[in-house]
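Report on the following structure.
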Amino acid sequence: MRALSRLLLIAGLIALLSGCGYNTIQQKDQAVKAGWSEVLNQYKRRADLVPNLVATVKGYASHEQQVLTQVTEARSKVGSINVNADDPASLAQFQQAQGELQSAISRLLVVSENYPQLKADQNFLQLQAQLEGTENRITVARQRYIATVQDYNTYVRSFPQLITAKIFGYGEKPNFSVENEAQISNAPAVDFGMPAPAAPAAPAAPAPPQSPQPAPAN
């Protein structure tokens, strides 16, 4: 009888937890963790491209030392951050460092436009394709993560799941900031092509008609 009573109690607890959303909370929490892992993976992919990018540009534009140093330092800062996605301050610091790296890479790409031989380098062209693809994957991964966190937060704030969430310590999770979410709706443009053609010059205005000169007197 005792064994039967325990089985009935366990079955009742399982049914109660399932009805209060415990299992769904677990699933959504795991989805958030998986989404964050993908975000980190794509950010690391971009960071791994930086050394080759800097080395290639340096081979043609070694005197652009300031820009090269900025990219290297920004990449080093990103690598030194031990981010905790459940901590809003840590996530904000991570966002800022990634934004600084993206800006530094953008400045380096602008500088590269001044070196035609660099733009024709095959290694540089390969890096272009890899970087562009990585930026697109970062954008997709972050958008999915934002949606997954929003779904999780909405669920744990709803009744009766909020009671279960509080009992088992599942609180709301921080997300990318609103400004960042707006920025990442489109991947940064990575274009090493020819500059846009200059706009045609406006036609010159016609000269005003000359008034007739009086005939000289005889």
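For the reader, a short list of remarks on this structure follows.
- For region 124-168, the set of residues classified as of a type in the set (A, V, I, L, M) and either in contact with a strand residue (DSSP E or B) (Cβ under 9 Å, 6 or more places away or on another chain) or farther than 16 Å from Asn41 by Cβ (or both) consists of Leu125, Leu127, Ala129, Ile146, Ala147, Val149, Val156, Leu162, Ile163, Ala165, Ile167, listed by residue number.
- When region 75-93 is filtered for residues that are in a helix (DSSP H, G or I) and open to solvent by 10 Å² or more (accessible area, probe 1.4 Å), the ones remaining, listed by number, are Arg75, Ser76, Lys77, Val78, Gly79, Ser80, Pro88, Ala89, Ser90, Ala92, Gln93.
- Entry remark, region 47-74: residues being of a type in the set (Ser, Thr, Tyr) and closer than 16 Å to Ala120 by Cα number 2 in total.
- Taking each residue of region 24-53 that is closer than 29 Å to Arg157 by Cβ and among the aliphatic types (A, V, I, L, M) and looking for partners that are assigned to a helix (DSSP H, G or I) and open to solvent by 10 Å² or more (accessible area, probe 1.4 Å) with beta-carbon atoms closer than 6 Å, six or more apart or interchain, yields Ala31/Thr148; Val32/Thr148; Val39/Arg142.
- Residue match in region 129-139 (condition: in contact with a Gly (Cβ under 7 Å, 6 or more places away or on another chain) and either in a helix (DSSP H, G or I) or in contact (Cβ under 8 Å) with a residue 60 or more places away in the chain (or both)): no
- Total residues in region 61-74, condition in contact with a Lys or Arg (Cβ under 9 Å, 6 or more places away or on another chain) and surrounded by 12 or more Cβ atoms within 10 Å (Cβ to Cβ): 5
- Qualifying residue in region 40-50 (condition: modelled with pLDDT of 95 or more, open to solvent by less than 50 Å² (accessible area, probe 1.4 Å) and under 29 Å from Tyr170 (Cα atoms)): yes
- Within region 105-126, the presence of a residue that is touching a Pro at 6+ places or on another chain (Cβ under 7 Å), under 17 Å from Val39 (Cα atoms) and part of a helix (DSSP H, G or I) is excluded.
- Flag for Gly99 being at pLDDT 90 or above and at positive phi: no
The values are calculated or read from the model by the stated rules, or taken from the named source; none is laboratory data. Because the structure is predicted, anything quoted here is derived from the model rather than measured. All Cβ positions, glycine included, derive from the backbone under ideal geometry; neighbour counts span all protein chains shown. Remember, those area values only see protein heavy atoms, side chains included, never the ligands or the DNA or RNA. Shrake-Rupley method; radii C 1.70, N 1.55, O 1.52, S 1.80 Å.
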